Amino acid sequence: MSRPHRVGAHRSASTRSWPRWAILLGALAIAVVLTAVGLFVLDRLRPQAPVPTETAPAVVTDPSQIDPALDASITVLDEDGDDHAFAAGVGQALADAGWPVVATGGSTGGDDRTVVWFDAPELEPVARGITQQLGVGEALQSDGRISGTPITVVLGTDAVGTAPSTEPDVDSEVSRAPEP
């Protein structure tokens, strides 16, 4: 008796292929990795926004922009202590420009530099604006009120010939120290 010839008998009956769930899991892992790599590359190619730098402090250069609820009245003092005409002239020029100057006078101390003192942080933009208007000096916060107003301009010798000054108007609202 002869045996029938079988085709493919040399193959094993069991299939040794990957289970479907393993193939799907592998495909999902590859998709996740490719997506992550793609997002990383896109992030690197995207134009980066500039890193914000420290902004300059605000400056009020127009006196009409001062918050009406803010007491920003100004006293102008002259450091030479002898003649108050310079303080009166600078105070008048500031008042003519719209700054709320309420008094001028003399001070002793004889400092060479001009300082615009302010006694509250919210007054710093106004003090910086006055410094710009004068063209000289610096704005500094004081430990307490220097004069009867929250902002005090103390003119040093560096302001002579630099700070704007006009002849004081005797009929203006700016009060001045009595002449000696």
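The values are calculated or read from the model by the stated rules, or taken from the named source; none is laboratory data. Worth saying up front: this structure is predicted, and the values here are computed from it rather than measured. Protein only, heavy atoms only, side chains kept; ligands, DNA and RNA dropped before computing areas. Shrake-Rupley method; radii C 1.70, N 1.55, O 1.52, S 1.80 Å.
Ignoring ligands and nucleic acids, what accessible area does ILE30 show with a 1.4 Å probe (Å², nearest 10)?
110 Å²
Given the Cα-Cα distance of ALA27 and SER142 and 0.36 nm per residue of separation, how much length would full extension add, in nm?
That pair, ALA27 and SER142, stretches by 34.4 nm at full extension.
Can you run phi through the Karplus equation (6.51, -1.76, 1.60; θ = phi - 60°) for the range 116-123 and list ³J(HN,Hα) in whole Hz, with x for Gly and Pro?
9, 8, 10, 9, 8, x, 5, 8
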